[in-house]
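Colleague: Quick one: structure below, then a few questions.
The values are calculated or read from the model by the stated rules, or taken from the named source; none is laboratory data. Just so you know, these numbers come straight off a predicted model, no measurement behind them. Here the Cβ positions follow ideal geometry from the backbone for every residue, glycine too, while neighbour counts run over all protein chains shown.
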Amino acid sequence: MLYQLYEAQRSLMEPFADLAQSAAKVYGNPMTLLGQNPFAQRISAGYDLMHRLGKDYEKPEFGLRTVDVDGVGVAIHERVEVDKPFCELRRFKRFTDDRATLGKLKGQPAVLIVAPLSGHYATLLRDTVKTMLKDHKVYITDWKNARLIPLSEGEFHLDDYVNYVQEFIRHLQGIYGNCHVISVCQPTVPVLAAVSLMASRGELTPWTMTMMGGPIDARKSPTTVNDLAMTKSYEWFERNVIYDVPKKFAGAGRRVYPGFLQHSAFIAMNPDNHAKSHYEYFKDLIKGDDTSTEAHRKFYDEYNAVLDMDADYYLETIKVVFQEFSLINGTWDVKGVDGTVERVRPQDITSTAIFSLEGELDDISGSGQTEAVHSICSGVPEVQKKHLEVKGAGHFGIFSGRRWREVVYPEIKSFIDIYHPVAQAPEAPLSDAKPVAAPVKAPAAYEKTVATLVKRVPAATKRVSTKVVRKQ
């Protein structure tokens, strides 16, 4: 019933929000009679703020058209590579007619960015994608709004999330031989599970896993988010935050954790900061500070755009990650696409280097929660593990903004470069194909790791993978 009431209220407010926008433009135009009022600028600012507080925020676009690669403008074509019922795997294909730049692009690493399914759209990682496109072939998981997914598409569970990640990794491996994986916040847990299951089966695992600000062990330095999930029962969440999608949407009848409730929770975490931000926006409008007002709009256009999450997935995440700590306790069983149930064993990962990052001031994933990945991945040599705490950074600062671009990204790029193998010369015939060369600047323990990996991969797979890598 709450969802229906919210939609009724939103529909009622929509014309008033549109009217406020029109009034802001009229009072903000000095050529109109009302715009000549001595208080016109203040009135316009007030109406503009009213419009932004009352409007409905749709899913934003990535909007990445070009990227600069060493002074050369490279065109970006965004396309859906794999379309699943609950997620799209998006690729940002780069094009240039500069031969030197094209040769450089072809030899760069392929990276799968796993975006969080925790309320916001994947476009929240726009800065992450844009920065990485300079030096990498970038793919990202773009999760769909559950209220737009018909019931005929079936259910979506945490196990399905893990299976999706495995499918996407295999997709990139089929193109490039292998890939690197970056997970931001919530997906650190299912990504680790996906790679663990692949390792347990003897499958090829990614060259590297970079885990950023995620609840691998939510018991460490619990935040307000953690406390709520830990202190309330599973039944409490099911009774209080799960609702049916109204009839006006394609996903009518689907049980979801609505986006508007998630947004309310986001605001409630730091209400004073948001109130101050909106007041500063009001003053900047009066002053005519276009740079500051545009920055405010861009941030809140993204922050206020939220999606519904399937109830099964959300409730299972609460239970597995924040109440039973199944990953860290070694008790998590995942159901595969074929119905087989397998135990998640991070200790079986031996050939994937791991990089964990945390923000010093992160109020969502506390200190030590992400770093805990190293203790449970005991099969990975210590020389292939790295941890970084980003000083002065909050949760968003580790993947967006100045600290991301100037501090975090250079570290991630260097880490990927260390473990990314050098492709064989394209002129060499396939009959002379050899295993992928050892990575540039690789630690001494890498040679032993590669030898272990080669034993696990069937000869035919090695031959095909080598061929793919050499054609990049």
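Colleague: In the stretch 361-379, what count of residues is obtained for those that are modelled with pLDDT of 95 or more and farther than 23 Å from Pro410 by Cα?
Modeller: Summing the residues that are modelled with pLDDT of 95 or more and farther than 23 Å from Pro410 by Cα in the stretch 361-379 gives 5.
Colleague: Please go through the stretch 76-122 and give me each residue that is in contact with a Cys (Cβ under 7 Å, 6 or more places away or on another chain) and more than 26 Å from Gly154 (Cβ to Cβ), ordered by number.
Modeller: At the first step, the residues of the stretch 76-122 found to be in contact with a Cys (Cβ under 7 Å, 6 or more places away or on another chain) are 110-112, 116, 118.
Listed by number, the residues that qualify are Ala110, Val111.
Colleague: From the list Leu124, Leu64, Leu112, Leu117, pick out the single residue that is in contact with a His (Cβ under 8 Å, 6 or more places away or on another chain) and either hydrophobic (A, V, I, L, M, F, W, C) or surrounded by fewer than 21 Cβ atoms within 10 Å (Cβ to Cβ) (or both). Can you show your working first?
Modeller: On the way: Leu124 fails: in contact with a His (Cβ under 8 Å, 6 or more places away or on another chain); Leu64 fails: in contact with a His (Cβ under 8 Å, 6 or more places away or on another chain); Leu117 fails: in contact with a His (Cβ under 8 Å, 6 or more places away or on another chain).
It is Leu112.
Colleague: Let me ask you something else. Looking only at residues that are under 31 Å from the mean Cα position of the chain (by Cα) and acidic (Asp, Glu) in the stretch 1-24, which one is surrounded by the fewest Cβ atoms within 10 Å (Cβ to Cβ)?
Modeller: Glu14
Colleague: Still on this model: Can you name every residue in the stretch 331-342 that is in contact (Cβ under 8 Å) with a residue 40 or more places away in the chain and surrounded by fewer than 18 Cβ atoms within 10 Å (Cβ to Cβ)?
Modeller: Result: Lys335, Gly336, Val337, Glu342.
Colleague: Find the helices (runs of 4 or more DSSP H) located wholly in the stretch 147-240 whose residues include 3 or more that are surrounded by fewer than 17 Cβ atoms within 10 Å (Cβ to Cβ), and list them. So that I can check it myself, show each step before the final result.
Modeller: Details: elements: 158-176, 188-200, 224-231, 234-240.
Per the criteria, 158-176, 224-231, 234-240.
Colleague: Of the conditions (1) touching a strand residue (DSSP E or B) at 6+ places or on another chain (Cβ under 7 Å); (2) modelled with pLDDT of 95 or more, Thr101 clears all except one; give me its number.
Modeller: Unmet for Thr101, out of (1) touching a strand residue (DSSP E or B) at 6+ places or on another chain (Cβ under 7 Å); (2) modelled with pLDDT of 95 or more: (2).
Colleague: Something else now. Do we find a residue being more than 17 Å from Ile286 (Cα to Cα), surrounded by 11 or more Cβ atoms within 10 Å (Cβ to Cβ) and among the aromatic types (Phe, Trp, Tyr) anywhere in the stretch 25-37?
Modeller: The answer is no, given that none of the residues of the stretch 25-37 is more than 17 Å from Ile286 (Cα to Cα), surrounded by 11 or more Cβ atoms within 10 Å (Cβ to Cβ) and among the aromatic types (Phe, Trp, Tyr).
Colleague: Could you check the stretch 51-94 and list, in sequence order, the residues that are assigned to a strand (DSSP E or B) and among the aromatic types (Phe, Trp, Tyr)?
Modeller: Here is the first cut: in the stretch 51-94, the residues assigned to a strand (DSSP E or B) are 66-69, 72-83, 87-94.
Listed by number, the list holds a single entry, Phe92.
Colleague: Hey, another quick one. Find all pairs meeting these conditions: Cβ atoms under 6 angstrom apart; at least six residues apart or on different chains; first residue within the stretch 307-322 and of a type in the set (Phe, Trp, Tyr); second residue not in a helix (DSSP H, G or I).
Modeller: Tyr313/Phe156; Tyr313/His157; Tyr314/Tyr257; Phe322/Ala218
Quick grid of which residues meet (1) under 17 Å from Val189 (Cβ atoms); (2) surrounded by fewer than 16 Cβ atoms within 10 Å (Cβ to Cβ); (3) out of contact with any Asp or Glu (no Cβ under 9 Å at 6 or more places or on another chain):
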site	(1), (2), (3)
Glu316	yes, no, no
Ile364	yes, no, yes
Val383	no, yes, yes
Ser400	no, no, no
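Colleague: If you check Leu151 against the conditions, is it touching a Lys or Arg at 6+ places or on another chain (Cβ under 7 Å) and closer than 24 Å to Gly336 by Cβ? Before the answer, list the steps.
Modeller: Numbers: touching a Lys or Arg at 6+ places or on another chain (Cβ under 7 Å): yes; closer than 24 Å to Gly336 by Cβ: yes.
The answer is yes for Leu151.
Colleague: Exactly one condition in (1) within 18 Å of the chain's Cα centre (by Cα); (2) not assigned by TED's automatic domain parsing to the domain that holds Ser378; (3) not charged (D, E, K, R) is not met by Met132; state its number.
Modeller: (2)
Colleague: Would a scan of the stretch 77-89 turn up a residue that is modelled with pLDDT of 95 or more, farther than 22 Å from Asp127 by Cβ and touching a Leu at 6+ places or on another chain (Cβ under 6 Å)?
Modeller: Initially, the stretch 77-89 is screened for residues modelled with pLDDT of 95 or more, giving 77-89.
Subsequent filtering for residues that are farther than 22 Å from Asp127 by Cβ retains 82-86.
So of that shortlist, the ones also touching a Leu at 6+ places or on another chain (Cβ under 6 Å) come out as 82.
The answer is yes; a qualifying residue exists.
Colleague: Does at least one position in the stretch 137-148 carry a residue that is touching a Lys or Arg at 6+ places or on another chain (Cβ under 7 Å), of a type in the set (A, V, I, L, M, F, W, C) and touching a residue at least 12 places away in the same chain (Cβ under 8 Å)?
Modeller: yes
Colleague: Mind checking which residues of the stretch 113-146 are closer than 17 Å to Leu64 by Cα and part of a strand (DSSP E or B)?
Modeller: Result: Ile113, Lys137, Val138, Tyr139, Ile140, Thr141, Asp142.
Colleague: Only residues that are over 19 Å from Val321 (Cβ atoms) and hydrophobic (A, V, I, L, M, F, W, C): list them for the stretch 332-348, please.
Modeller: Val337
Colleague: For a quick check of your reading of the model, give me the residue pairs whose first member lies in the stretch 17-41 and is outside the structural domain of Phe282 (by TED's automatic domain parsing), whose second is surrounded by 15 or more Cβ atoms within 10 Å (Cβ to Cβ) and at pLDDT 95 or above, with beta-carbon atoms closer than 7 Å and at least 6 apart or on different chains.
Modeller: Taking only residues 6 or more apart or on different chains, not a single pair turns up.
Colleague: Let me ask you something else. Output the residue which, of all residues in the stretch 1-47 that are closer than 30 Å to Tyr257 by Cα and in contact with a helix residue (DSSP H, G or I) (Cβ under 7 Å, 6 or more places away or on another chain), is modelled with the lowest pLDDT. First the steps, then the outcome.
Modeller: Step one: filter the stretch 1-47 for residues closer than 30 Å to Tyr257 by Cα, giving 1-18.
Still in the list and also in contact with a helix residue (DSSP H, G or I) (Cβ under 7 Å, 6 or more places away or on another chain): 6, 13, 16-17.
Numbers: Tyr6: 86, Met13: 89, Phe16: 92, Ala17: 92.
Ranking the candidates gives Tyr6 first.
Colleague: Also, I was wondering about something else. With the condition kept exactly as written, say whether any residue in the stretch 264-271 is part of a helix (DSSP H, G or I) and farther than 26 Å from Glu7 by Cβ.
Modeller: Taking the stretch 264-271 as the starting set, the residues that turn out to be part of a helix (DSSP H, G or I) are 264-269, 271.
Next, from what is left, pick out any that are farther than 26 Å from Glu7 by Cβ: none.
Looking for residues that are part of a helix (DSSP H, G or I) and farther than 26 Å from Glu7 by Cβ, one finds none in the stretch 264-271, hence no.
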